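S.K.: Quick one: structure below, then a few questions.
The values are calculated or read from the model by the stated rules, or taken from the named source; none is laboratory data. Computed from a predicted model, the values in this text were never measured in an experiment. Here the Cβ positions follow ideal geometry from the backbone for every residue, glycine too, while neighbour counts run over all protein chains shown.
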Amino acid sequence: MSKASQGGDPAAQPPEDFEASLAALEETVAALEAGDLPLEEALKRFEEGTRLLRRCEAALKRAEQRIEILLKEDKDAQPEPFEPEN
């Protein structure tokens, strides 16, 4: 069984959310910075890292746009204390 099919490689199963993508990107960067990978594996990890980076950037951009929309909806809105429901 290959390393990718065991789940150890971030490229094996692309993360769906921002936090998972960021964690996979950090793992990829650490592996590349360690300098222990053969050239072909390093290139594969670099490619995956660029895909993860783009995914993270897109998620952050969407979040920023959502925040801008919410702020535009009610410019006079004031923060209110949060009281959890019991």
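S.K.: Name every residue in region 4-29 that is farther than 14 Å from Thr50 by Cα and either part of a helix (DSSP H, G or I) or at pLDDT 95 or above (or both), in order of residue number.
M.R.: Ala4, Ser5, Gln6, Phe18, Glu19, Ala20
S.K.: Do we have any residue at all in region 63-74 that's outside any helix (DSSP H, G or I), more than 16 Å from Asp17 (Cβ to Cβ), at pLDDT below 85 and out of contact with any helix residue (DSSP H, G or I) (no Cβ under 6 Å at 6 or more places or on another chain)?
M.R.: yes
S.K.: Taking Asp36 as meeting all but one of (1) modelled with pLDDT of 80 or more; (2) exposed (fewer than 10 other Cβ atoms within 10 Å of the Cβ); (3) assigned to a helix (DSSP H, G or I), write down the number of the exception.
M.R.: (3)
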